[in-house]
Amino acid sequence: MEKHVLALQLSQILGEEFNRDWIYEHIEIPKQEKMGDLAFPCFKLSPALRKPPQDLASELAPQLKHDLFENVQPVGGYINIFLNQQFITEHTLKQILTEQENYGKHTFGEGKTVVFDLSAPNIAKPFSMGHLRSTVIGNSLANLAANYGYETVKINYIGDYGTQFGKLLSAYKNWGDEEKIRANPLAELTKIYVKFHEEAKENTLLIDEGRHWFKKLEQQDEEALRLWRWFKEVSLEEFEKIYQLLGIEFDLTRGEAYYNDKMDATVELLKEHQLLEDSDGAKVVRLDEEGIPPCLIKKSDGTTIYATRDLTAAIDRFNSYSFDEALYVVGHEQSLHFAQIKHVLNKLGFNWAQNVKHISFGMMLQDGKKMSTRQGKTILLENVLKEAIQQASDSIEEKNPQLRNKETVARQVGVGAVIFHDLKQDRRNDVEFSIEDMLRFEGNTAPYLQYSYVRAQSILQKGGFKVDASNPFLSDEKAWSLIKQIRKFPEATAKAYKEYDPSQIAKYLLDLAKTFNQYYTHTKILQGEQQDAKLTLVYGFSLVLKQGLSLLGIEAPEEM
Ligand code: ARG
């Protein structure tokens with residue numbers, strides 16, 4: 001509100017040359033509170049107006065007048081604005097009390113659909129930390145999109161097809177043990193898959209055998225198909241356990257194999273558009289003009305591949321949902337793949353190709369190196385989650401053994417810690433895997449935020465707070481920083497989605513909780529004057545914190 005008023009006034013004074021949005025973008029929030037609540041850097045205007053910023057600041061400052069502005073001062077080349085704390089505090093608390101859970105929601109996604117491609121683990125392989133990144137980033141972006149009013153479709157595109165399944169079938173025929181696999185599917189299947197690669201170094205016949213089994217699978221041989229279906233079933237059961245722990249659901253779980261009988265149509269379409277070219281017996285779409293390597297459509301042995309399936313899936317998704325945006329939350333090592341997909345769709349004349357976006361993220365590294373299943377080095381997410389829950393549970397036993405719903409709280413805290421550890425970092429950065437960091441329960445962590453929420457809840461309870469008896473008339477100097485933080489929430493959520501970056505919410509929540517904890521330390525909330533109003537502020541804080549956590553996919557326990 002106050003930023004809009006400032007932008008509007010400045011644009012009216014300055015005339016058409018500077019539009020309101022441009023001014024709005026350049027409004028700053030001073031680092032030091034004593035410099036004011038808002039600031040406008042006049043040196044941005046200097047080149048066009050050919051006047052020194054100091055002069056501009058002195059000229060403009062006296063012209064800015066509004067009930068919201070307490071004091072407007074030219075300082076150096078800046079206009080510093082002190083807001084009317086009383087008015088804004090009251091307005092903010094009233095707004096939260098009316099809007100409740102809708103505070104911070106937006107409507108400009110209404111009537112539009114976004115499709116999310118997220119998680120996408122590969123069957124017969126462990127659910128890796130990389131897939132965790134895709135799952136939690138994708139889920140949080142979908143929450144943000146829904147918060148904008150978009151219709152969201154979350155698709156889990158399971159990796160259930162490809163030549164590697166020939167190798168796995170051959171490994172199973174050689175060393176598979178049904179009992180062991182039933183007891184521990186992903187670990188056992190990975191073990192024989194790793195063994196296949198080790199033995200194949202010495203024994204090249206195995207490679208042929210793998211190829212042979214993949215052919216069988218392609219030709220729908222009964223045994224190959226039966227085993228493959230079984231691998232898929234047991235894998236999905238394992239993945240489901242993880243999704244339940246994480247509290248994540250999908251609108252559609254559909255594997256790559258679903259597209260097997262639909263790819264001929266894609267190949268035909270590419271032919272019709274005269275995009276297919278021969279390259280050493282393989283079929284490719286050249287992307288020379290785009291300056292990137294050709295997109296491989298069919299291998300020389302006639303088998304189709306990953307790219308062909310993704311092209312087919314994208315077309316199918318557009319036909320089903322006529323999406324306004326399709327976001328693929330996948331690691332940045334697949335950047336070339338998605339660039340190729342986008343260009344090929346474009347060449348096919350689909351103008352929606354411009355709305356297909358690769359939301360890439362950095363790798364999860366271990367000792368500075370990429371984790372790989374082949375070498376059997378991958379850390380199992382399920383174990384990490386279980387360990388986190390265990391530690392949360394130990395800490396509850398130690399600090400608060402009387403707690404009700406101990407198990408639920410331990411899950412909320414342990415899982416929250418793992419999710420937040422990922423989401424607080426800029427998604428584009430590589431993340432060094434560190435179970436110690438993840439489970440640190442103090443500092444910039446989910447447990448810290450959850451604990452701040454619990455503290456607010458307990459104050460509200462002790463103070464007997466009731467929403468209908470709440471009082472927004474607060475005149476408390478110390479509350480001002482907290483009010484300002486709470487006011488930032490709507491903009492923070494908007495920006496986080498526009499930049500597809502949940503870490504902005506995570507960082508915002510840490511600042512918010514720190515400000516609250518400072519307020520709590522310096523103010524006797526349950527004593528002295530204006531108790532109702534102070535409780536209303538605490539309520540406002542707890543509402544925003546809970547909403548923010550839920551956008552990240554993290555639950556807030558009422559007690560812990
Ligand atoms: N299953 C793939 C992998 O683990 C990721 C799939 C991503 N989604 C897609 N539409 N290609 O590498």
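What follows is calculated from the coordinates using simple rules that are stated; it is not laboratory data. In this text the structure is predicted, and so the values were computed from the model without any measurement. In this analysis, Cβ positions are derived from the backbone assuming ideal geometry, glycine residues included, and neighbour counts consider all displayed protein chains.
Some notes on this structure:
- The overall shape of the stretch 63-212 is prolate: from the C-alpha gyration tensor, with semi-axes ordered a ≥ b ≥ c, the ratio a/c is 1.5 or greater and a/b exceeds b/c.
- For the stretch 452-560, the extents of the C-alpha atoms along the principal axes are 44, 29, 26 Å, listed from largest to smallest.
- Relative counts (whole %) of C-alpha pair distances in the stretch 2-83, using bins that are 5 Å wide: 3, 17, 29, 31, 16, 5, 0
- Toward the positive end of the charge dipole of the chain, with +1 on the Cβ of Lys and Arg and -1 on the Cβ of Asp and Glu, the farthest Cα among GLN164, ASN84, GLY255 is that of ASN84.
- For the stretch 149-186, the residues whose backbone nitrogen is under 17 Å from a point 7 Å from the Cα of GLU233, taken along Cα to Cβ, are 177-186.
- When DSSP beta bridges are restricted to pairs lying wholly in the chain, around 50% turn out antiparallel.
- Dipole axis of the stretch 121-229 (+1 Lys, Arg; -1 Asp, Glu on Cβ), positive-most option in HIS212, ILE155, SER134: SER134
- Sparsely packed chymotrypsin sites (Phe, Trp or Tyr not before Pro) within the stretch 63-108, loop by DSSP, other Cβ within 10 Å at most 16: PHE108
- Here is the list for the stretch 197-286: trypsin sites (Lys or Arg not before Pro) lying in DSSP coil, each with at most 15 other C-beta atoms within 10 angstrom of its C-beta, are ARG286.
- Pair-distance distribution P(r) for the stretch 154-203, from all Cα-Cα distances in 10 Å bins starting at 0: 25, 48, 22, 5, 0 percent.
- Cross-link partners of LYS488 among lysines (Cα-Cα below 17 Å; sequence separation of 8 or more within a chain): LYS3, LYS31, LYS94, LYS105, LYS498, LYS507, LYS514, LYS546
- Cβ-placed point charges (K, R +1; D, E -1), dipole of the chain about Cα centre in debye, nearest 20: 680 debye
- The stretch 297-446 - share of DSSP beta bridges that are antiparallel (%, nearest 5): 25 percent
- Bridging of LYS534 to aspartates and glutamates at a Cα separation below 19 Å is possible for GLU90, GLU99, ASP468, ASP476, GLU477, once same-chain residues fewer than 8 apart are set aside.
- D_trans [Stokes-Einstein, Kirkwood Rh over alpha-carbon pairs] for the stretch 240-386, 4 °C, 1.567 mPa s, µm² s⁻¹: 74 µm²/s
- The equivalent ellipsoid that matches the C-alpha gyration tensor of the chain spans semi-axes of 51, 32, 18 angstrom, in descending order.
- With a cut-off of 12 Å between beta carbons, the residues surrounding GLN504 carry a summed charge of +1, where Lys and Arg count +1 and Asp and Glu -1.
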